[in-house]
Amino acid sequence: MKSPLRLAREKRGMTLDALAKIVGSDVGNLSRIERGVQVPGPQLAERICSEFEGEVNELQLIYPSRYVETPVCSETRQ
């Protein structure tokens, strides 16, 4: 399962290290935010959302489990 932040970051081919430098955070914090273990503070959430220009919003960062991409179940064969 991938969070909206991880999906947006991977879509751009961006590493956690590159994003960390852009938003002024560290890789560990961003990794925990992507996994839903940590919630970003208001300033960091704003910087992340600004970088992704609408691809990611603050609610997705605060409540990632509500927006996680779930795998599609394959149909059962008959």
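Quick note: the coordinates plus some simple rules give every number you see, no bench work behind them. Note that this is a predicted model, so its numbers are computed, not measured. Neighbour counts run over all protein chains shown; Cβ positions are idealised from the backbone, glycine included.
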- [ ] Could you work out, for the chain, what percent of all Cα-Cα pairs fall into each 5 Å distance bin, beginning at 0 Å and stopping at the bin that holds the largest distance?
- [x] 3, 16, 28, 27, 11, 4, 4, 3, 2, 1, 0
Open item on the list: At 222 nm, what value in deg cm²/dmol follows for the chain if DSSP H runs of at least 4 each add -39500 (n - 2.57) and the sum is divided by all its residues, to the nearest 500?
Closed with: -13500 deg cm²/dmol
Task: Zone residues, the range 38-64, relative to Lys11, backbone N less than 11 Å from point 7 Å out along Cα-to-Cβ - done: 52-57
Task: Estimated distance in nm for a label pair at Gln38 and Met1, the labels positioned 7 Å out from Cα along Cα-to-Cβ - done: 2.1
